[in-house]
Amino acid sequence: MRTDFLRFSAACALALLAAPALAQEDLSKVEIQTDKLSDNVYMMTGSGGNLGVSVGDDGVFLIDDEFAALTPKIQAAIGKLSSKPVKFLLNTHWHFDHTGGNENLGKAGAVIVAQENVRKRLSTDGFIAFLGMKTKAEPPIALPTVTFTRDLSFQMNGEEIRAFHVPRAHTDGDTVVYFVKSDVIHTGDVFFNKLYPFIDTSSGGSVAGVLAAADRVLRMAGDKTKIIPGHGPLASKADLKNYRDMLADVSERVAGQLKQGKKADEIVASKPSTKYDELWGKGFLAPEKFVAMLCGNLKR
Ligand SMILES: [Zn+2]
């Protein structure tokens, strides 16, 4: 999205978000941190969604690209691992903090790949209701040119890279990526590790879909699997299980109160997430915002 970042920050403030990563206005100070997860797969963090990178003889496979202003730094960080350019860029979903570098990387020759709904949303003006944020249609060079409906596999750098769609989860276009031999999974934003998650129902997401996606990844993962969440630190299967159980528990409490006819402010005041707030409530969404979001997501 070519949305002015400061304007986003204002929308952010309006939405009372307390996201250190997203509220950060000065991207010039952001450093890209690289963590090696297997012989050829890395996690990178800067500002915005976590990146996944595979390097090797076949070229660079990149998952997500944060913000446009960070492209040179991301390219420099990749350049320390490989002399090859980004061959494939996979967008886990359409949000601006995961696709902001698409235009730059598209111009640099990357083939952009995503679930078909990502292309639909990036190619038209959009609106993220919870953030009160309008987004502009992206130019053609920034759009995915290879799209799929359910799943897609790459044979690259000595392993299968399996991408599969998880329906109506964080949005309607989420993809989870499994590096089979490396035993690394990138979940996109269906998993926020140690941060209350944002679920974008205005982009076709749902709490039930996030829980189903988490369950699917839990069935695939082993105790040694390294899981790159959309936001938050590198995770294990146990971390994902804790997330899944936290989300199921709080959303059940909220749904129960909605069924009794309670209003959103009453539900927020009842503090249904209390026992999780210490661990989960200090990041992207404060506890009240998280519960208010669930009220909106779960009411019919
Ligand atoms: Zn997102």
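Of everything in the range 178-194 that is surrounded by fewer than 24 Cβ atoms within 10 Å (Cβ to Cβ) and of a type outside the set (G, A, S), the residue that is nearest to the ligand (Cβ to nearest atom) is N193. R162 satisfies every condition listed in (1) touching a Phe, Trp or Tyr at 6+ places or on another chain (Cβ under 7 Å); (2) open to solvent by 30 Å² or more (accessible area, probe 1.4 Å); (3) touching a residue at least 40 places away in the same chain (Cβ under 8 Å) except (3). Determine, yes or no, whether D151 is acidic (D, E), more than 22 Å from K84 (Cα to Cα), open to solvent by 10 Å² or more (accessible area, probe 1.4 Å) and in contact with a strand residue (DSSP E or B) (Cβ under 8 Å, 6 or more places away or on another chain). Yes; evaluated as a whole, the condition is true for this residue. When you look at P229, is it touching a residue at least 24 places away in the same chain (Cβ under 8 Å), open to solvent by 30 Å² or more (accessible area, probe 1.4 Å), within 16 Å of the ligand (Cβ to nearest atom) and not polar (S, T, N, Q), yes or no? The answer is no for P229. Considering the range 148-174, the residues that are within 16 Å of the ligand (Cβ to nearest atom) and of a type in the set (D, E, K, R) include one that is farthest from L298 (Cα to Cα), namely D174.
For the range 22-58, the tally of residues that are farther than 15 Å from K73 by Cβ and modelled with pLDDT under 90 stands at 3. Which of the residues that make up the range 180-215 are farther than 27 Å from G126 by Cα, out of contact with any Lys or Arg (no Cβ under 7 Å at 6 or more places or on another chain) and of a type in the set (V, I, T)? Result: I185, single match.
Screening the range 263-300 for residues that are open to solvent by 60 Å² or more (accessible area, probe 1.4 Å) and of a type in the set (D, E) and picking the one that is nearest to V250 (Cα to Cα) gives E288. Looking only at residues in the range 42-72 that are under 12 Å from the mean Cα position of the chain (by Cα) and of a type in the set (D, E), the one that is nearest to D183 (Cα to Cα) is D64. Of all residues in the range 91-121, count the ones that are over 19 Å from L70 (Cα atoms) and in contact with a helix residue (DSSP H, G or I) (Cβ under 7 Å, 6 or more places away or on another chain). Here the count works out to 1.
Would you confirm whether any residue within the range 6-16 is at pLDDT below 95 and over 20 Å from G126 (Cβ atoms)?
Yes, some residue in the range 6-16 is at pLDDT below 95 and over 20 Å from G126 (Cβ atoms).
Selection of the range 144-195 for residues being in a loop (DSSP other than H, G, I, E, B) and in contact with a Pro (Cβ under 7 Å, 6 or more places away or on another chain) yields T187, F191, N193, K194. Per the listing A208, A212, the residue uniquely assigned to a helix (DSSP H, G or I), under 28 Å from K134 (Cα atoms) and open to solvent by 30 Å² or more (accessible area, probe 1.4 Å) is A208.
Given V217, V250, which one is more than 13 Å from the ligand (Cβ to nearest atom), within 22 Å of D35 (Cβ to Cβ), at pLDDT 95 or above and of a type in the set (V, I, T)? Before you say what the answer is, go through the steps one by one.
Details: V250 fails: within 22 Å of D35 (Cβ to Cβ).
Exactly one of V217, V250 is more than 13 Å from the ligand (Cβ to nearest atom), within 22 Å of D35 (Cβ to Cβ), at pLDDT 95 or above and of a type in the set (V, I, T), namely V217.
The values are calculated or read from the model by the stated rules, or taken from the named source; none is laboratory data. Note that this is a predicted model, so its numbers are computed, not measured. No Cβ is skipped: glycine too gets one built from the backbone with ideal geometry, and neighbour counts run over all protein chains shown. The protein model used for the area step is the full one, side chains on, heavy atoms only, and it has no ligands, DNA or RNA in it. Shrake-Rupley method; radii C 1.70, N 1.55, O 1.52, S 1.80 Å.
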